[in-house]
1. Filter region 1-49 for residues that are under 23 Å from residue 64 (Cβ atoms), surrounded by 14 or more Cβ atoms within 10 Å (Cβ to Cβ) and within 16 Å of the ligand (Cβ to nearest atom) and give the result.
2. Taking region 133-166 as the region of interest, how many residues are charged (D, E, K, R), within 16 Å of the chain's Cα centre (by Cα) and more than 7 Å from the ligand (Cβ to nearest atom)?
3. Only one of 61, 93 is surrounded by fewer than 17 Cβ atoms within 10 Å (Cβ to Cβ), more than 14 Å from residue 146 (Cα to Cα) and either over 17 Å from the mean Cα position of the chain (by Cα) or among the hydroxyl-bearing types (Ser, Thr, Tyr) (or both); which?
4. Any residue at all in region 148-156 that is surrounded by 15 or more Cβ atoms within 10 Å (Cβ to Cβ), under 24 Å from residue 23 (Cβ atoms) and touching a residue at least 40 places away in the same chain (Cβ under 8 Å)?
5. Taking only region 99-132 into account, find how many residues are among the aromatic types (Phe, Trp, Tyr), within 8 Å of the ligand (Cβ to nearest atom) and within 14 Å of the chain's Cα centre (by Cα).
6. Can you tell me which residues in region 71-94 are in contact with an Asp or Glu (Cβ under 8 Å, 6 or more places away or on another chain), among the hydrophobic types (A, V, I, L, M, F, W, C) and within 18 Å of residue 8 (Cβ to Cβ)?
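Only the coordinates and a few stated rules stand behind these numbers; no lab work does. Everything numeric in this text was worked out from a predicted model, so none of it was measured. Cβ atoms come from the backbone with ideal geometry, glycine included; neighbour counts cover every protein chain shown.
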Amino acid sequence: MLYLKEINYEDIEKEYLFVRDMPIDENGLTNKWHGISYDEFKEKAMPEMIAFAKGENLPDGFVPETVLFLWNDDEIVGQFRIRHYLCESLRTGGGHIGYFIKKEFRKQGYGKEGLRLTLQIAKTIIPEDEIYLRVNKDNPASLKVMLNNGGYIKYEDESTYYVRIKK
Ligand SMILES: CC(C)(COP(=O)(O)OP(=O)(O)OC[C@H]1O[C@@H](n2cnc3c(N)ncnc32)[C@H](O)[C@@H]1OP(=O)(O)O)[C@@H](O)C(=O)NCCC(=O)NCCS
């Protein structure tokens, strides 16, 4: 069964391995904790992610962000992040939601279902009328995930589609 769970200490071992192995940057989805040690994850990464979700200790210009893991039974298959509202750089950039499915689990519908579940939560957090998303033009799988969840292309530039999903 597929379900989302917010980052939490109970699942730290599996969350740690997942985050450690996520690439630093794949198609603009970044992971500043790639390759991290278990101790640093526990002492630094986890507290930071949990604080940011509550809007605490945010660096200047950052908005609160919730980190969710997509689980298939007892295994983590993906990570979804919700930025709670837009600032100028998010409005014209990354938007509200970022996501990543682990390589070995791709092309099985997890991206689509994970975004569907994330949108249910995002709609209760985000004040704007539409959910903003951004995708590189050379990432057709992610564009499909968005379009399959009711997304439409609002505008585009040379390299990027800017997608919106009505709440
Ligand atoms: C984008 C990503 C989340 C997709 O995850 P996924 O679990 O494979 O997605 P799904 O299986 O739900 O759907 C992928 C869709 O794209 C299609 N697809 C996959 N690769 C494709 C390709 N190279 N060209 C065209 N379509 C492709 C699949 O057939 C599927 O379409 P369908 O639902 O109509 O059958 C995953 O590839 C990923 O994590 N990539 C790295 C990070 C990333 O790009 N994040 C998004 C940044 S905007």
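1. Once the filter is applied, which keeps residues that are under 23 Å from residue 64 (Cβ atoms), surrounded by 14 or more Cβ atoms within 10 Å (Cβ to Cβ) and within 16 Å of the ligand (Cβ to nearest atom), region 1-49 yields 4, 18, 19, 22, 28, 29, 30, 31, 33.
2. Number of matching residues: 1.
3. Criteria check complete, one pass: 61.
4. Scanning region 148-156, I find no residue that is surrounded by 15 or more Cβ atoms within 10 Å (Cβ to Cβ), under 24 Å from residue 23 (Cβ atoms) and touching a residue at least 40 places away in the same chain (Cβ under 8 Å), so the answer is no.
5. Number of matching residues: 3.
6. Listed by number, the residues that qualify are 76, 82.
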